[in-house]
Every structure is written in structure tokens, then in C-alpha cells.
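The values are calculated or read from the model by the stated rules, or taken from the named source; none is laboratory data. Just so you know, these numbers come straight off a predicted model, no measurement behind them. Note: ideal-geometry Cβ built from the backbone for every residue, glycine included; neighbour counts use all protein chains shown.
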Amino acid sequence: MTSWVLHIDLDQFLAAVEVLRRPELRGLPVIVGGDGDPAKRGVVSTASYEARAYGVHSGLPLRTAARRCPDAVFLPVDREVYEAASAEVMTTLRTFGAVVEVLGWDEAFMAVDGDAPEAVAEEIRRRVREATGLDCSVGIGDNKLRAKLATGFAKPDGVFRLTAETWFATLGDRPTDALWGIGRKTARRLGRLGIDTVRGLADSDPDELAARLGPVTGPWLVRLARGGDSSPVTGTPHAARSRGRETTYQHDLDDWDEVREEVARLARRVAEELAAERRLAARVVVKVRYAPFTTRTRGQVLDEATAEAAALERAALDALGRFTGRRPVRLLGVRAELER
């Protein structure tokens, strides 16, 4: 029998959960984000497909979303409800007796054997819909990378198979940032080297890219473009590598004494979470988003791994002290990178 990886992705998850709670919203543009008030600062967490038709997407400022789609229904994020819906979906996936690797609220990998993966995928979609009322798309691949990318072609509410045999026919002429793991910044760097497509990256010399982009990054990008991925599907519970808190302020912080107070407060909240989980931090990272929207980060390595509030606060303030700009601030964040 052939071994397959299936990637299950819940369609427009947060918006779909909200529509289940409020059936009268079906067919309307629904935007979930912040406290649901587009007049306040915040970003879109999820937009329904009806809202996406207006150019609304995750990460877009709520105010911008309101301008693009003024008739949208804006709703606040309800974390507990989404976690409960996600748990029900993952429980349903485990009824197949396969290894399930949870990636987040709305997606997971499954390892299955057999000669009819599409039939399994359709059964997954049926069981999830019957158990939760939610639709999902399923990507089928001969490894995790191809399964993940296949899901993009399956959406919405469909099934798609992507294998070594169909890899270049499907992706070869697409831009490099179509690959899972390549963002716009890396794509621009590759573009400056004359590499604009997946096929072009796959045909590149790994040694040459190693010299240009680093001994690890260069060869890894070439393997990625060739569809290579040997990582197994594992049912081991995901252990977060960091814990963080951030706040978007409704009014810019002009006083940097106030900025320091806020960073210290966030660091103490992170320390409380680490202590509750009995985890230790090895490094503290501070994020500053200046008005209107420029973001910078600075990190500070701790002398020893700790969850002590005073130590995390000192490290966060030391990191903040290395910011040279003293412009108005709209967002602050503190993240603790955990000891491995």
C-alpha cells in the first residue's frame, strides 16, 4: 500500500464558527478581529469568503477592512468558542485511527495508507461536517510539504492531490513565495538574484545559493523548490517554543517613560504564564510598532534560563533600551523564547 499525507484545513474557520452561531449571517461579509469595533485599532483575524472578495484578509487593519468592505459584519474574537470547535474537529479526525499532527486551531496533518486517498479525504470532509457543521479542504501529498500546498488548490471545500509527478506541472511557473516557508522578503532576495519562479529556484545551484544566502538557507530553499520534505507526521503534542503578550494602543504612546512601563508590565504578564506552565525563558524579545506601521524587534539573551519576573523585566527593558527611535508607538510586545 502507498503511504500518504493528508492536510486538513478548515475553511474560513473563525468566520465559519460565527456563522454557525448566527445563521442569519450566512452569505454576508463577516470579519472577525480585535473586539469587533472597526473604529478601534486592531487587525483582521479571519474574513469570510464574501469579505475576501473586497480585498479583506488576515492581518489587515480593521479600519482598512471597514473602508474596503463598509457593509461587513464585524465580530470580536471569541477564543474559547474557537478552541472548543477546534477540539471537536480534532477528535473527529482521530476516529480514523491514523496519526494526527495538530498544527493549530484550524489545520492538521494525517498519515494514511491505501490506494484511494481521495476516498479517505471525502470521508474526512463528511465526518467533520456531520460532527461540527464546518467545511474543510483536504490536500493529499506524498509528503507534508506537498500535502500542505495541495490544500491551497483544494479550497474552498474540496480535495486536491499533489505529488512528485505533478509538482512542476502544478507549481513550476508560479512565483517562489507560492512555496510554504518562503515569504515576500525572501522572494524579493531571490528575485534580485534573477530567481522568480519555483522551477527557477529548483534549477539553482545549491552551493551558489549557499554562498549568497547562507550555508543552511541556500540549499534548503532549493530542496523546498524541488518538493523535498522528509519530516514525519507525528502525534506528539505541539510544545510552543515561545510565550508572548502584545498590546495595540488606541492612542499612540508619545512618552517613552510610559513605553517603558508598558514593556515592564507585559514582561511581568509573560513571566506569570511561564511560571504557571513551569517553563523557563532563555531569551526575551521586545517588539515595537511605531506609528503608522513600522515594526522593529530587539532581543536580549538571559544569563540563565528563568521564569523570574524581575529577570524577564530587566531583560525586556535592556532590549528596549537598544531602540534608537523615540517616535510615537502604536503597539508593544514582549516574547519569551523558551529553553529547549
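Key figures
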item: Scope region 196-218; condition hydrophobic (A, V, I, L, M, F, W, C) and in a helix (DSSP H, G or I); matching residues; result: Val198, Leu201, Ala202, Leu209, Ala210, Ala211, Leu213
item: Sole exception among (1) touching a residue at least 60 places away in the same chain (Cβ under 8 Å); (2) more than 26 Å from Pro232 (Cα to Cα) for Pro175, by number; result: (1)
item: Residue pairs meeting the criteria (Cβ under 8 Å; at least 6 apart or on separate chains; first over 12 Å from Thr306 (Cα atoms), in region 264-276; second surrounded by fewer than 18 Cβ atoms within 10 Å (Cβ to Cβ) and polar (S, T, N, Q)); result: Leu266/Thr247
item: Residue pairs meeting the criteria (Cβ under 7 Å; at least 6 apart or on separate chains; first farther than 14 Å from Glu262 by Cα, in region 295-323; second assigned to a loop (DSSP other than H, G, I, E, B) and acidic (Asp, Glu)); result: Ala305/Glu339
item: Residue among Pro215, Pro219 that alone is surrounded by fewer than 14 Cβ atoms within 10 Å (Cβ to Cβ) and of a type outside the set (Ser, Thr, Tyr); result: Pro215
item: Test for Arg212: is it more than 30 Å from Leu171 (Cβ to Cβ), of a type in the set (Lys, Arg) and at pLDDT below 95; result: no
item: Lone unmet requirement of (1) within 17 Å of Asp135 (Cα to Cα); (2) at pLDDT 95 or above; (3) under 20 Å from the mean Cα position of the chain (by Cα) for Trp105; result: (2)
item: Every residue from region 299-327 that is closer than 18 Å to Thr248 by Cα and modelled with pLDDT of 95 or more; result: Ala316, Leu320
item: Scan of region 84-123 for residues that are in a helix (DSSP H, G or I), of a type in the set (A, V, I, L, M, F, W, C), within 20 Å of Met1 (Cβ to Cβ) and without any contact (Cβ under 8 Å) to a residue 40 or more places away in the chain, ordered by number; result: Ala119
